[in-house]
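Just so it is clear, none of the values below were taken in a lab; they were calculated from the coordinates. What you see is a predicted model; the values in this text were computed from it and never measured. Here Cβ is always computed from backbone atoms with ideal geometry, including for glycine, and neighbour counts include all displayed protein chains.
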Amino acid sequence: PGELNVEMNSILAEFGFPLKFPNKVDAEAESIDEPNYDIEAKKRKDYRNITTFTIDPVDAKDFDDALSFRELKNGNIEVGVHIADVGHYVIENSHLDKEAFYRANSVYLVDRVIPMLPEKLSNKLCSLRPHEDKLTFSAIFELNEKAEVQKSWFGKTIIHSDHRFTYEEAQEIIEGEKNKLDKEILSLNKLAELLRKKRMNKGALNVESQEVRFQLDETGDPIGTVLKVSKAANKLIEEFMLLANRKVAEFIGLSQKKATNKTFIYRVHDEPDVEKLASLQNMIQKFGYKINTDTKETTSQSLNKLLKDVDGKAESNMIETLTIRTMSKAVYTTQNIGHYGLAFDYYSHFTSPIRRYPDVMTHRLLQYYLNKGESPKADLYEEKTKHSSKREELASKAE
């Protein structure tokens, strides 16, 4: 007891997370060959000559999303959100697929990751590493200068990332540093700011809880802490991932502005519980704040005002934490009720199939519908979403 590795493994054992992949899963992963990209390019939209890059944390091992940028003749900008095409390698009902479903997500402990997929896939074949051809599933948007989506396209692509940015490097460009891709980063940042503003105007919650990251020495002992700060570069990526997730969900869930009954995997977030809001109200009154819970709109507006008012004050961390606890938990389901926190009527998870199994299901269903497939029965998918939500909760408890 007390030895770091033993303690970490005991956390994983306590929550039932596997310490290694079964041999048949490892063997199946090892047997997957690198594709012939030139042959694959004939079956996909080829984006290899379009400026493309990734922006990730400095210590990221897998890169599941990349952005491409090009200016169109009509003055609009085409933004490609390119996501690792995990479904190309992980075949339905294979050993790999069953294991990924069982795990349901990657688990991020302080000093290690328990990945959903073996390393050959998560860090190599499916990771959108710079200067390598990669197979992707993409959401391509044509945006005007007001960040309004003029056209959308979804489908299989092939990309070649020109550069790997860390959040810090992208942030420096936003703050004025010169770079060969500065025009692209600055244009995307401008569009992201407009998308974010629209979301906030629609009633999205501006909850930014402070996350602590531990600095470890070479033996894994914590030697310090760093507060993770979400700056413009983080928000740039976040807005385009949200856009892709929302538009994929709308593409399946809406037809001519009417809801369809097609089976799909939604990420939903219910409205806050009345009793929890009352106890939050009770607590914050002692500090001289109040919230208006008359309607859904006034609730989200006043929660945002509260978070803005407490920013930088001594009580901010406590009130932010209490506000988050007032919220319902976001879950996966085939029954869409919208996402309260993001103020979206339709929302799905499409952007991280390397580390979330619901995204793998979303990719498969999207491709199935693009191939004009009939809607499958929802029951089986509902069972799978319940399992995914349960595993996600376990992962956050372990973390």
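Overview of values
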{"quantity": "Summed residue charge, Cβ within 12 Å of residue 43's Cβ, Lys/Arg positive, Asp/Glu negative", "calculated": "0"}
{"quantity": "Segment residue 166-residue 271, length gained on full extension (0.36 nm per residue, minus Cα span)", "calculated": "34.3 nm"}
{"quantity": "Greater than 25 Å apart at Cα, pairs in 305/386; 258/296; 45/386", "calculated": "305/386; 45/386"}
{"quantity": "23 Å Cα-Cα reach of residue 42 towards lysines, excluding residues that sit fewer than 8 places from it in its own chain", "calculated": "124, 134, 156, 372"}
{"quantity": "Packing-based ranking, highest mean first, of 222-231, 354-363, 36-45 given that Cβ atoms within 10 Å are counted", "calculated": "354-363, 36-45, 222-231"}
{"quantity": "Within the chain: Cβ-based charge dipole about Cα centre, in debye rounded to nearest 20 (Lys, Arg +1; Asp, Glu -1)", "calculated": "1540"}
{"quantity": "Full-stretch length increase - residue 287, residue 33 - with 0.36 nm per residue and alpha-carbon distance subtracted", "calculated": "85.3 nm"}
{"quantity": "Net length gained if the chain between residue 142 and residue 260 were fully extended (0.36 nm per residue, minus Cα distance)", "calculated": "40.0 nm"}
{"quantity": "FRET E, pair residue 149, residue 6, Förster distance 51 Å, beta-carbon r, rounded to 0.05", "calculated": "0.50"}
{"quantity": "Most positive-pole-ward Cα, 143, 57, 89, against dipole of the chain from beta carbon charges", "calculated": "143"}
{"quantity": "Spin-label model distance (nm) - residue 305 vs residue 372, 7 Å beyond Cα toward Cβ", "calculated": "5.4"}
{"quantity": "Residue-averaged 222 nm ellipticity for the chain, from DSSP H runs of 4+ at -39500 (n - 2.57), nearest 500", "calculated": "-12500 deg cm²/dmol"}
{"quantity": "Across 146/198; 61/247; 183/247; 198/247, pairs whose alpha-carbon gap is larger than 19 Å", "calculated": "61/247; 183/247"}
